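Q: If you scroll down you'll find the structure; I have some questions about it.
We did not get these values from a lab; they are worked out from the coordinates using the rules stated. All values derive from a computational prediction rather than experimental measurement. Please note: Cβ atoms are built from the backbone with ideal geometry, for glycine as well, and neighbour counts cover all protein chains shown.
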Amino acid sequence: MSEHSEQSGHVGHVVPIGVYVTVFLLLMFGTALTTWVAYIDLGRWNTVAALTIAVCKMLLVVLFFMHVKYATGLTRIVILAGFFWLGIMITLSCSDELTRHWEIVPQGWQMILPFVSRVF
Amino acid sequence: MAAHGAHPPGFAHQFETVEQQREAGTLGMWTFLVTEILFFGGMFTSYIIYRSLHLHSFIQGSHELIVRYGATNTAVLIFSSLTMALAIRTAQTGKSKGQIIFWLLLTMILGATFIAIKLRFEWYRDYVEGLIPGVSWLDGGTHTPGVKMFMCFYFFMTGLHALHMVVGLGILTVLVIMTARNRFSAEYYAPLEISGLYWHFVDIVWIFLFPLLYLIGGRYPGS
């Protein structure tokens, strides 16, 4: 059993079947767990739990199924940059949207609504 | 490296070594996947913002979806990721092409099962029950207007994900044909590896879509 041989033969890292099966079982467990937790009243922590489990599942898929654990530094930097850009997009979009105090300014025909409601 | 004598199969002349070619392929595919992350990321960002603006409606809309089918489909996709990984491993270890084709076909069957469940038990039911905005919307006045927006997000996000699945099935078909034509060996299996990255990426998108659309906010009574 040569793991990754320098001489011709295997190209790249051969991941043991046991690792794949373990990752698969963990992903199945994560799916069952996230579904189960959704039926328990945790208040705002329901959302946190669902997203935390999703991120853990993503990391398992990326590291083992997508072989990033065995990838070169260059590939890893490109992937991290992608997620960093995603982070910028989400945080900056939300920072605009969630820090304003949206107030409904009645315009046009909406101006008459208070009067209408007073009549009826 | 044997100088010029033995040329490894699938080795393109512009590369110094087989490893360099392999890294270039992986890096190129990841560059594409980063654009895909930002493509789906745009939808996730709008989903987050509109959900926060119309929280009550989005939770009401989320409760129209059936968790059972979403969870089943998550399991089906995770299983298909395992079979895809095993297909690549089978090629890496120089097994017979019959074994590679077996795992590829199993991956395709699981992918098709995902789409079938989505079509038959989710989208068709949504059509019958009138939950598709602009196509079939039977609102008995029980829904807040934001529910319609939630369902628009739901169909765009799951629709584009399903489209990626269909593309994936096309890629897998090509891989089966290439394998049958003896194009792969333990020395060269780059198309399998690269396509595997795509397949796993589509799996990851669903790993986020499932909790975001079906679960967050909770499904307990009174949520």
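Q: In nm, to one decimal, how far is the modelled label at A:Val48 from the one at B:Ser223, with both set 7 Å along Cα→Cβ?
A: In this crude spin-label approximation the distance works out to 1.6 nm.
Q: Arranged by the count of other C-beta atoms within 10 angstrom, fewest first, what order do A:Ile77, A:Ile53, B:Ile101 take?
A: A:Ile77, B:Ile101, A:Ile53
Q: Between rounded, prolate and oblate, where does the range B:151-220 land on the alpha carbon gyration tensor, with a ≥ b ≥ c its root eigenvalues, rounded for a/c under 1.5, else prolate if a/b exceeds b/c?
A: Prolate shape, in that a/c is at least 1.5 and a/b is the bigger ratio.
Q: Continuing with this model, one more query. In square nanometres, what is one fourth of the surface area of the convex hull spanned by the alpha carbons of the range B:67-125?
A: Here the figure is 3.7 nm², rounded to one decimal.
Q: Return the distance in nm (one decimal) between the two label points of a simple spin-label model at B:Asp139 and A:Val19, each offset 7 Å from Cα along Cα→Cβ.
A: Inter-label distance under the simple model: 5.1 nm.
Q: Oh, and also: Under 23 Å Cα to Cα from A:Lys69, which lysines show up? Leave out anything in the same chain fewer than 8 places away.
A: A:Lys57
Q: Continuing with this model, one more query. Search the structure for amide H atoms under 5 Å from the amide H of B:Leu131, placed 1.01 Å from N in the peptide plane, and list their residues when 5 or more places away or on another chain.
A: Result for B:Leu131 returns B:Leu138.
Q: In whole angstrom, note down how far apart the Cα centers of the range B:81-148 and the range A:58-84 are.
A: 25 Å
Q: With everything on Cα atoms, drop me the angle between helix B:190-209 and the longest principal axis of chain B, reported from 0 to 90° to the nearest 10.
A: Orientation of helix B:190-209: about 20 degrees from the principal axis.
Q: Let me ask another. Using each residue's phi in the range A:78-86, evaluate 6.51 cos²θ - 1.76 cosθ + 1.60 at θ = phi - 60° and report the 3J(HN,Hα) Karplus result to the nearest Hz, with x for Gly and Pro.
A: 4, 5, 4, 4, x, 5, 5, 4, 4
Q: Give me the inter-chain shielding for B:27-38: mean count of other chain Cβ atoms within 10 Å, whole number please.
A: If you average over the peptide's residues, the count of other-chain Cβ atoms is 4.
Q: Spelling out what I want: for every residue of the range A:63-69, take phi, set θ = phi - 60°, compute 6.51 cos²θ - 1.76 cosθ + 1.60 (Karplus), and round to whole Hz; glycine and proline get x.
A: 5, 9, 5, 9, 6, 5, 4
Q: How large is ³J(HN,Hα), in whole Hz, for each residue of the range B:149-158 in order, when computed from phi with the Karplus curve 6.51 cos²θ - 1.76 cosθ + 1.60 and θ = phi - 60°, using x for Gly and Pro?
A: Ordered by residue, 3J(HN,Hα) equals 5, 4, 5, 4, 4, 4, 6, 5, 5, 5 Hz.
Q: OK, next. If you take each beta carbon of peptide A:38-48 and count the beta carbons of other chains within 10 angstrom, what is the mean?
A: 5
Q: Angle, helix B:18-53 long axis vs. longest principal axis of chain B, Cα atoms, 0 to 90°, nearest 10?
A: 0 degrees
Q: Under a cut-off of 18 Å between alpha-carbon atoms, report the aspartates and glutamates in cross-link reach of B:Lys118, not counting same-chain residues fewer than 8 places apart.
A: Reachable aspartates and glutamates: B:Glu64, B:Asp126, B:Glu129, B:Asp203.
Q: What do you get for the angle between helix B:67-92 and the principal long axis of chain B? Use alpha-carbon atoms, 0 to 90 degrees, nearest ten.
A: Roughly 0 degrees between the two axes.
Q: Something else now. Lys/Arg Cβ at +1, Asp/Glu Cβ at -1, dipole of the protein assembly as shown taken about the Cα centre: which of B:Met84, A:Met66, B:Trp30 is farthest positive-ward?
A: B:Met84
Q: State whether the protein assembly as shown is rounded, prolate or oblate according to the following rule on the C-alpha gyration tensor (a ≥ b ≥ c being the square roots of its eigenvalues): a/c under 1.5 gives rounded; otherwise a/b larger than b/c gives prolate, and the remaining case gives oblate.
A: prolate
Q: Suppose every K and R has +1 on its Cβ and every D and E has -1 on its Cβ; what is the size of the dipole of the protein assembly as shown about the Cα centre, in Debye to the nearest 20?
A: 480 debye
Q: Follow-up question, since we're still on this one. Work out the charge dipole of chain B with +1 on the Cβ of Lys and Arg and -1 on the Cβ of Asp and Glu about the Cα centre, then indicate which of B:Thr72, B:Ile216, B:Thr17 is farthest towards its positive end.
A: Farthest along the dipole direction, towards plus: B:Thr72.
Q: Please give the FRET efficiency for A:Ser93 paired with B:Arg183, using the beta carbon to beta carbon distance and R0 = 41 Å, rounded to the nearest 0.05.
A: For R0 = 41 Å, the calculated efficiency reads 0.40.
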